[in-house]
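Notes follow once the structure below has been shown.
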Amino acid sequence: MTKNPTILFFDSGVGGLSVYREVKALLPNYNYLYCLDNACFPYSEKPGKLLEQRCVEICQKIAINQQIDLIVIACNTASTIVLPAMRAAFNCPIVGAVPAIKPAAEKTQTKVIGLLATKGTITRPYVDDLIQQYAKNCEVRRLGSTDLVEIAEQKLHGKKVDYLAIKRAVAEWHYEYEMDTVVLGCTHFPLLKAELKACLPQVSFFIDSGKAIARRVQSLLLSQTTTSNDKQIAYCTAPFDDANDVKKMFCDWGFKQLEILK
């Protein structure tokens, strides 16, 4: 019987669960590992060299005890920096999270697109290149927010969502009536899609890269699986104050174990 592949998702927080959700829906029988580097959360404005070092070292630590067939860097900020170093350090495929500029440019009717991401992501040359390559005929308006990352984390930790805080975070777009498409350029933001739709009613399309990442993972791991998955483990890099709530949250997502990496 063919061994089910094991996929590791890596993020600074729980945002990568939005990507895991899409991959799991497409490939339900695979084994899944999820690591959040909460000791260094959020990644948005951390130095690139630090992110490179942490991503490589933490994933290597997990790989000591786990056979990993593919790694998803489920963080847009990290993906703009760490992919070359990760690919040099590992023999397995490495898939990054790229802001969905291309599908947004294909979808928009008004040719006015919003890019909602972290402050780190919106300033990366990598994003400039994506816009030049795929959306040079569009006007792309960028908005960076760390507050929305924090709100998404709190939501998944079971805290009440602060709609007013979300509204404040996107306040400069309230009257952008020509903007019909928004790229959710941080993996945390699909977790707030319903709230963002309520705050930006003029936007017709909210686009993220989750489904595209899932299709990419599927194309790289063509194994035929005939048994159900038997391994779903979550890792963190520091203890949580609300550890029981976090364990319950991961359990609700299918991860029965939450281990602290030493």
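For each pair in Lys24/Lys248; Lys193/Lys248; Lys61/Lys193; Lys61/Lys256; Lys159/Lys247, compute the distance between the two Cα atoms and list the pairs where it is over 25 Å. Cα-Cα > 25 Å for Lys61/Lys193; rest within.
The mean sequence distance of close C-alpha pairs (under 8 Å, at least 6 residues apart), as a share of the length of segment 101-208, puts its relative contact order at 35 percent. Among (i) 1.11; (ii) 0.99; (iii) 0.96, which is the computed Rg/Rh (Cα atoms, Kirkwood Rh)? Computed from the coordinates, Rg/Rh (Cα atoms, Kirkwood Rh) corresponds to (iii).
Compared with the dominant Cα axis of the chain, that is its longest principal axis, helix 125-134 is turned about 70°.
By definition, a body whose alpha carbon gyration tensor gives a ≥ b ≥ c is oblate when a/c is 1.5 or more and a/b is not larger than b/c, and segment 113-262 fits this oblate description.
Each residue, Ser204 and Gln218, gets one label point 7 Å from its Cα in the Cβ direction; the gap between the two is 2.6 nm. For the peptides 124-130, 96-102, the ranking by packing is 96-102, 124-130, with the highest mean count of neighbouring Cβ atoms within 10 Å listed first.
With the simple spin-label model, which puts each label point 7 Å out from Cα in the Cβ direction, the Asp128 to Val161 separation comes to 3.5 nm. For the chain, a simple Cβ point-charge model (Lys and Arg +1, Asp and Glu -1, everything else neutral) yields a dipole of about 420 debye relative to the Cα centre. Dipole orientation for the chain: of the candidates Phe10, Pro103, Leu222, Leu222 has the Cα lying most toward the positive pole (charges on Cβ; Lys, Arg +1; Asp, Glu -1). Taking Cα centre as origin and charging only the Cβ of basic (Lys, Arg, +1) and acidic (Asp, Glu, -1) residues, the dipole magnitude of segment 40-163 rounds to 140 debye.
Here segment 101-208 is assigned +1 on the Cβ of each Lys and Arg and -1 on the Cβ of each Asp and Glu. Its dipole about the Cα centre then comes out at about 140 debye. With helices as the sole contributors, the chain gives -11000 deg cm²/dmol at 222 nm; each DSSP H run of n ≥ 4 counts as -39500 (n - 2.57), and the sum is divided by every residue.
Once the chain from Lys231 to Glu139 is taken as fully extended at 0.36 nm per residue, the excess over their C-alpha distance is 28.7 nm.
A simple rule links phi to the HN-Hα coupling: the Karplus curve 6.51 cos²θ - 1.76 cosθ + 1.60 with θ = phi - 60°, which for segment 199-208 gives 7, 10, x, 6, 7, 7, 10, 10, 10, 10 Hz, with x for Gly and Pro.
Taking every C-alpha pair closer than 8 Å and separated by at least 6 residues, the mean separation divided by the residue count of the chain gives a relative contact order of 27 percent.
Summarising the amide proton neighbourhood of Ile207: residues at separation of 5 or more, or on other chains, whose placed amide H is nearer than 5 Å comprise Val182, Val183, Leu184.
Bear in mind that the values in this text are calculations on the coordinates, not laboratory data. As the structure is a prediction and not an experimental result, all values here were calculated from the model. For neighbour counting, all protein chains shown are included, and Cβ atoms are generated from backbone atoms with ideal geometry for every residue, glycine included.
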